[in-house]
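So the structure is just underneath, and the comments pick up after that.
Each reported figure results from applying straightforward, stated rules to the coordinates on display, with no laboratory input. Bear in mind that the values here come from a model prediction, so they are computed numbers and not experimental data. Neighbour counts run over all protein chains shown; Cβ positions are idealised from the backbone, glycine included.
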Amino acid sequence: MSEQITESQSTGEHDDAIASSAQQENSDSSSDTAQAGNGKGQGDKAYERAEFQDLAPEPGSLSSVEPNLDVILDIPVTLSMEVGRTEVPIQDLLQLNRGSVVELDRIAGEPMDVMINGTLIAHGEVVVVNEKFGIRLTDVISPAERVKKLR
């Protein structure tokens, strides 16, 4: 459906004419679709229940195979040992220089935290192995406890 516009019509009248024409075309096509789709007039709607397949895995599919952990064994992680922590105001931090001592929240001789990618996994003590520092694990946190701390 096309419209001819004379010069005397303003832009507002033109927009109104186009909007009215578009509404009429949409109304006609939706009525035709409703009648063709279910054989009923506009306002009467027919619904049919959707049916779904069973979600049980098929034999031999990937979901029925046990996960292969070999895929992740080569992924590197960062293991660190935390000696202690403290909060320092920026003013005090700017005054630090060689020989300054910062007091930490941990008592001397207390086991240190062993972290993997920032997650506490164990407690341990510092040892020297072939002139390098090492960690002797004194307590390993169970996976159940680690999961509890995540929540």
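Data table
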item	result
Cleavage-rule hits (GluC sites (Glu not before Pro)) in the stretch 65-144: DSSP loop, at most 16 neighbouring Cβ within 10 angstrom	Glu87, Glu103, Glu131
Radius 15 Å from Cβ of Val88, net charge of other residues (Lys, Arg +1; Asp, Glu -1)	-3
Label point at Val129 placed 7 Å out along Cα→Cβ; residues across the stretch 97-120 whose backbone nitrogen lies under 16 Å	114-115
Cα-based convex hull, the stretch 76-150, per residue volume (Å³, whole number)	161
Isotropically averaged projected area of the stretch 106-151, using the convex hull of Cα atoms (one quarter of hull area), nm²	4.1
